[in-house]
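The values are calculated or read from the model by the stated rules, or taken from the named source; none is laboratory data. If you're wondering where the values come from, they're calculated on a predicted model, not measured in any experiment. All Cβ positions, even for glycine, are placed from backbone atoms using ideal geometry, and neighbour counts span all protein chains on display.
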Amino acid sequence: MSSSEGLGTGPRGNKTQRLADDLRRAVAELRWPAGKLPTEQQLARDQAVSVNTVRRAVDLLVQEGLVYRRQGSGTYVRASPAPGTGYAIGVVVPSLTYYYPRVITGIERELSRHGCRMILRCAEWNPELEREAVEELTRSGSDGLIVVPTLGEDAPHPWLRDAERSAVPMVLVERGMELPATSHEFVCSHHAAGARAAVEHLLRLGHTRIGYAERTSPHTAPQVRSGLATALEQAGLDPVPVVATSLRSWTAQDADRFLDQLVRQRGTAALCFADREASLLVGAARRRGLRVPEDLSVIGYDNEVADLCEVPLTAVAPAKTDIGRRAAHLIRTRIADPGGPRRQEILVPELVARDSTAPPSPNPGSG
């Protein structure tokens, strides 16, 4: 029997995430009492995966502080913080590939600065996996939880309501403003303020006929719509954009159709939630022979891949790293002072101006 027998058999997720989950369990079960993991090559052979898959899985554990690499020697299980020196904080996020890596970085930096340990779980936008992760982290003795819950269209998942009465303190991240009268502590972005800043930027440039392209989301999209309407109304314009389209998933053809409507309505600018939708719109403009920003100004949202667009996008940038850092501070404060006042913090995103916005052209489509 090999020293890593039984790893890599998890039923969900990609190979990297499944292997990372099983490695975490192996660490918790003291599978390697000497504290040293098998080599990456041995794990790859035992689990019939590539060395790159093993390396990515181990990288996740390194980021969480569960293991560390000693150059020329191998990978070792990191000792838990000694009593009184730090807390074990469970962190549950819906994704490890978009938006949340920077939030995780902020959490990890703040926790490690105070000798605390982060135990990371990814729920893959699945409320049931989310509930299971929270229950597992609670059973395993986490001192506190930082969670990005997946809210439904109509109401929060029941486990979240129950968590308000839990003995284990919890801080929500990027959720809370849409939960009426919640007593949960949270740190989140003021997306309505971010959208308002984007529209006001377009208005200052001279745009008055603005469209809106949206990827449907119960968390962020309603706030973005609210901020957009507020900015238009305060400028004395119709609060409804000249064209507004909301889709669960956008394709290049969807962007073409949106642009067709925008041109028919003589629109000169568009706010897009999020960056990917903005990039698709830039591509649609190019196919139609329109110039960005001369004939069409485009603003993205999230600032995740905005600078990688063929025309670097002006974008709304939530303070993701700071949000993670503040959430870690809140959970540490709550654990240290259980009777203190509850805190709910809101951070206003900033607008990052790049090449995709300019005053409207007097001769659209020329050039």
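When you scan region 108-115, do you find a residue that is buried (at least 17 other Cβ atoms within 10 Å of the Cβ) and over 16 Å from R334 (Cβ atoms), even just one?
For region 108-115, residues buried (at least 17 other Cβ atoms within 10 Å of the Cβ) and over 16 Å from R334 (Cβ atoms): present.
Spot the failing condition for H329; the list is (1) part of a helix (DSSP H, G or I); (2) surrounded by fewer than 17 Cβ atoms within 10 Å (Cβ to Cβ), and only one is missed.
(2)
Can you find even one residue in region 208-220 that is surrounded by 23 or more Cβ atoms within 10 Å (Cβ to Cβ), of a type in the set (S, T, Y) and in contact with a Ser or Thr (Cβ under 9 Å, 6 or more places away or on another chain)?
Looking through region 208-220, at least one residue is surrounded by 23 or more Cβ atoms within 10 Å (Cβ to Cβ), of a type in the set (S, T, Y) and in contact with a Ser or Thr (Cβ under 9 Å, 6 or more places away or on another chain).
Which is under 29 Å from V92 (Cβ atoms), in a helix (DSSP H, G or I) and touching a residue at least 24 places away in the same chain (Cβ under 8 Å), of G324, G283?
The match here is G324.
What residue, among those in region 288-311 that are of a type outside the set (G, A, S) and surrounded by fewer than 16 Cβ atoms within 10 Å (Cβ to Cβ), is nearest to E200 (Cα to Cα)?
By that ranking, first place goes to D307.
(1) more than 28 Å from V240 (Cβ to Cβ); (2) assigned to a helix (DSSP H, G or I): which one isn't true of A278, the others all being true?
Of the numbered conditions (1) more than 28 Å from V240 (Cβ to Cβ); (2) assigned to a helix (DSSP H, G or I), the odd one out for A278 is (1).
Can you tell which of V147, V103, V92, V58 is buried (at least 18 other Cβ atoms within 10 Å of the Cβ), modelled with pLDDT of 90 or more and within 24 Å of K36 (Cβ to Cβ)?
V58
Return the residues of region 243-267 that are under 9 Å from G211 (Cα atoms), out of contact with any Lys or Arg (no Cβ under 7 Å at 6 or more places or on another chain) and in a loop (DSSP other than H, G, I, E, B); say none if nothing qualifies.
V243
Can you tell me which residues in region 332-350 are under 17 Å from R196 (Cα atoms) and surrounded by fewer than 19 Cβ atoms within 10 Å (Cβ to Cβ)?
I346, L347, V348, E350
Of the residues V240, V224, which is under 24 Å from the mean Cα position of the chain (by Cα) and either modelled with pLDDT of 95 or more or assigned to a loop (DSSP other than H, G, I, E, B) (or both)?
Just a single option satisfies the conditions, and that option is V224.
Give all pairs with beta carbons closer than 6 Å in which a residue from region 163-178 that is over 23 Å from H191 (Cβ atoms) and assigned by TED's automatic domain parsing to the domain that holds V147 meets a residue that is among the hydroxyl-bearing types (S, T, Y) and in a loop (DSSP other than H, G, I, E, B); count only pairs at least 6 apart in sequence or on separate chains.
What qualifies is E164/S183.
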